[in-house]
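A short write-up of the structure that comes next.
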Amino acid sequence: MKFSEKIQQTRGYLLSRLDQYPSIGLVLGSGLGILAEEIENPIAIPYDEIPHFPVSTVAGHKGQLVIGDLKGKRVIAMQGRFHYYEGHSLEAVTYPIRVMKAIGVKQIIVTNAAGGINPNFKPGDLMIIQDHINLTSQNPLIGPNEEKFGGRFPDMSEAYSRKLADLTKEVAIKEKIKIVEGVYAGVLGPSYETPAEIKFLGIIGASAVGMSTVPEVIIAKHSGLEVLGISCISNMAAGISEHFLTHDEVMETTEKIKAQFLQLVKGILAAM
Ligand code: HPA
């Protein structure tokens, strides 16, 4: 089946389940899926019920779409996302973004847990992603380009909307939430980086590192979506941190920061 036909089928299924269509998409990273629990009048649709949707496998990723109202906005949240390291194709990893676009979403907020490289950061900081560096040696757009989804060579000079980043800073000041800004380096994982790799990433201009987000943002830009990216600095990266890294630490920090994270994202939604 052609890709565009799959998208049409997924779209048709979702629209048949909804009475109002969302305009803002939320991609919730490791430990941040809790935000979806605050959605009012929710319709939750497990990924395995959605035609052509991939199914998520990582601990801490729930695996459903939640559609409803948050701060007066109609949103669609991915509670649990797909990673290339799970063995999914990049088409699968980014499929939900294509689907969001197909059902009328205009803006997305992409969140993740990331390791801090900027030595001034602390675990628990929230970082506005100003830009990213794609270090995956992969691109989800490789292959024939379907013009109806977007152009062959999408511009990436403002992958992350300055307008939404400015709005986020205003909200953070108003709500007295500490916020930092920086460049996200996207790697494949699933092993964490070596100290030498982290040193290299710092030299080339990365402030934080993580294993998601980059493919989704490339597809979002190709689709003409406006993107806001927020990283939760869950640990200091290898070599900067004094101890070995564990997924448990990532989950513990996101657990600690979640109240502020929720407050920030809800404040942003209210202001959008
Ligand atoms: N490295 C890569 N990905 C991550 C990290 C890290 O230190 N922390 C959370 N996701």
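The values are calculated or read from the model by the stated rules, or taken from the named source; none is laboratory data. Quick caveat, the model's predicted, so the values are computed rather than measured. Cβ sites come from the backbone with ideal geometry, for glycine too, and all protein chains shown count toward neighbours. To get the accessible areas, we keep the full protein, side chains included, count just its heavy atoms, and leave off ligands, DNA and RNA. Shrake-Rupley method; radii C 1.70, N 1.55, O 1.52, S 1.80 Å.
Remarks
- Taking the criterion of being touching a Lys or Arg at 6+ places or on another chain (Cβ under 8 Å), closer than 22 Å to TYR13 by Cα and surrounded by fewer than 19 Cβ atoms within 10 Å (Cβ to Cβ), the only residue of region 65-122 that qualifies is ALA102.
- Across region 244-262, the number of residues qualifying as under 18 Å from the mean Cα position of the chain (by Cα) and either among the acidic types (Asp, Glu) or at positive phi (or both) comes to 1.
- Residue count for region 158-191, restricted to those that are within 23 Å of PRO215 (Cα to Cα) and open to solvent by 80 Å² or more (accessible area, probe 1.4 Å): 4.
- Elements of the type strands (runs of 3 or more DSSP E) sitting completely within region 7-113 and holding at least 3 residues that are farther than 29 Å from ASP248 by Cβ: these cover 40-46, 64-70, 73-79.
- Every residue from region 90-112 that is of a type in the set (A, V, I, L, M, F, W, C) and in contact (Cβ under 8 Å) with a residue 60 or more places away in the chain: LEU90, VAL93, ILE97, VAL99, MET100, ALA102, ILE103, VAL105, ILE108, ILE109, VAL110
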